[in-house]
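Some notes on the structure that comes next.
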Amino acid sequence: MAHATPQGVKLLNGWKRPGRFDKGLGAQLPEAYRKFWREWKLTTPAAVHYIPKEQEWQRDEVTHAILPVQNIPLPLIDTPESHQGIWGGEAVIKGFQKRQQTKRRVPHFWVPNLRRSVVHSHVLDAYMSVVVTERTLEQIHECHGFDHYLLKNRACDLRSALALKLKREVLQALQKGVPALDDEPDRQQEVLKEYGRYLEPYTPEEIDWYGHTYLEAIRKLQKQLREAEKVKPHKVEFRSKLIEQLRQAGISEAGKLEQTDSQTGSSAEHKDSDIEALTKLESSPSSSWLSKINPFGKKET
């Protein structure tokens with residue numbers, strides 16, 4: 001039956017819907033970003049809003065039947081405000097609440113208790129005012145510092161786009177040798193000795209792509225593609241061809257490039273010399289015939 005289906009053998013295992021990394025610019029994203037995406041979106045985070053049970057089986061108290069334990073995480077809603085702060089893995093929970101015994105249940109949203117606090121980064125040597133939760137402050141104290149909190153926790157546990165951006169900046173600063181502490185060499189070496197071990201799981205490419213949202217990664221990829229494929233205007237190309245033809249014809253006013261410029265291959269100097277030679281040739285009195293065939297020269301009325 002496989003040969004009779006439009007998809008062929010692929011349909012035997014079921015039709016798979018193409019994901020964001022299977023088509024378009026998403027398919028061109030490097031493996032370094034895909035690794036971060038799997039860590040952020042596809043990895044199961046630590047339990048925050050429920051207490052997981054460690055055993056695999058449990059006995060029902062009423063029927064005494066042995067049932068399997070199912071640790072199902074609660075569905076969380078990441079609001080835009082959650083990515084502007086550091087909520088420590090918490091999010092908005094949507095559910096139902098029965099407020100009166102004789103009334104029907106009504107929809108309800110549980111929102112974390114937020115507060116604004118100041119955190120300090122030793123690697124970046126900066127104080128930051130961010131919106132946090134009580135759980136965030138507790139985890140920072142347990143990890144003995146804000147930098148340790150960012151570097152120890154995975155992307156799925158940090159959850160916030162702001163926290164992931166700060167983690168990327170901390171990793172980049174460690175990779176460059178903590179440039180914020182260049183004026184204090186002793187303190188700089190202490191910070192590198194304390195936080196340098198966090199660079200081992202990452203490569204330079206993974207650090208460069210770490211912490212970007214999908215839209216930011218697409219924009220970064222588009223910028224790299226534009227820089228790699230710079231379009232040269234036809235005006236510059238045709239001008240260079242015209243200058244070269246005039247040189248081959250033996251016209252002295254066209255001028256010649258020095259051998260040193262040709263050996264170094266400086267494109268900017270070559271282009272400037274071509275423009276200067278063409279301008280000099282057009283301004284000479286014996287170039288009336290040249291101004292007529294030059295498509296970039298000024299036409300006499």
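The values are calculated or read from the model by the stated rules, or taken from the named source; none is laboratory data. The shown structure was predicted, so the numbers you read here are calculated from the model rather than taken from an experiment. Note that each Cβ is placed from the backbone with ideal geometry, even for glycine, and that neighbours are counted across all protein chains shown. We work out accessible area using only protein heavy atoms, side chains counted, and drop any ligands, DNA or RNA first. Shrake-Rupley method; radii C 1.70, N 1.55, O 1.52, S 1.80 Å.
For the reader, a short list of remarks on this structure follows.
- With a 1.4 Å probe rolled over the protein heavy atoms of all chains, the accessible area of Y127, Y50 falls in the order Y127, Y50, largest first.
- Net charge dipole size for the stretch 117-205 [Lys, Arg +1 and Asp, Glu -1 on Cβ; Debye, nearest 20]: 420
- Taking 17 Å as the cut-off, the amide N atoms of the stretch 26-49 that come nearer than this to a point 7 Å along the Cα-to-beta-carbon line of Q222 belong to 26-30.
- Look at where the Cα atoms of the stretch 89-105 and of the stretch 28-57 average out, and the two centres are 27 Å apart.
- Dipole check for the stretch 1-159: with +1 at the C-beta of Lys and Arg, -1 at the C-beta of Asp and Glu, and the Cα centre as origin, the magnitude is about 920 Debye.
- The convex hull of the Cα atoms of the stretch 16-70, projected and averaged over all directions, covers 6.9 nm².
- Computed with a 1.4 Å probe over protein heavy atoms only, the accessible area of F96 comes to about 120 Å².
- By a 1.4 Å probe calculation restricted to protein chains, D183 has an accessible surface near 150 Å², given to the nearest 10.
- Per DSSP, loop GluC sites (Glu not before Pro) in the stretch 34-131 with at most 15 further Cβ within 10 Å: E54, E56, E61
- Largest accessible area first, the listed residues K176, K152 line up as K176, K152 when surface is computed with a 1.4 Å probe on the assembled protein chains.
- Cα-projected label distance for K176 with A249, points at 7 Å along beta-carbon direction, nm: 5.3
- Using the Cβ-Cβ distance between H120 and I93 with R0 = 30 Å, the FRET efficiency computed as 1/(1 + (r/R0)^6) comes to roughly 0.45.
- Computed FRET value (nearest 0.05) for S129 with Q70, which takes r as the C-beta separation and R₀ as 51 Å: 0.80
- When all protein chains stay in place and ligands, DNA and RNA are ignored, the 1.4 Å accessible-area order of I140, I51, largest first, is I51, I140.
- Solvent-free Debye calculation, one equal scatterer per alpha-carbon of the stretch 24-122: log10 I(q)/I(0) at 0.12, 0.19 Å⁻¹ equals -0.73, -1.16.
- Stokes-Einstein diffusion for the stretch 69-190 at 37 °C, viscosity 0.692 mPa s, with a Kirkwood radius from C-alpha pairs, works out to 199 µm²/s.
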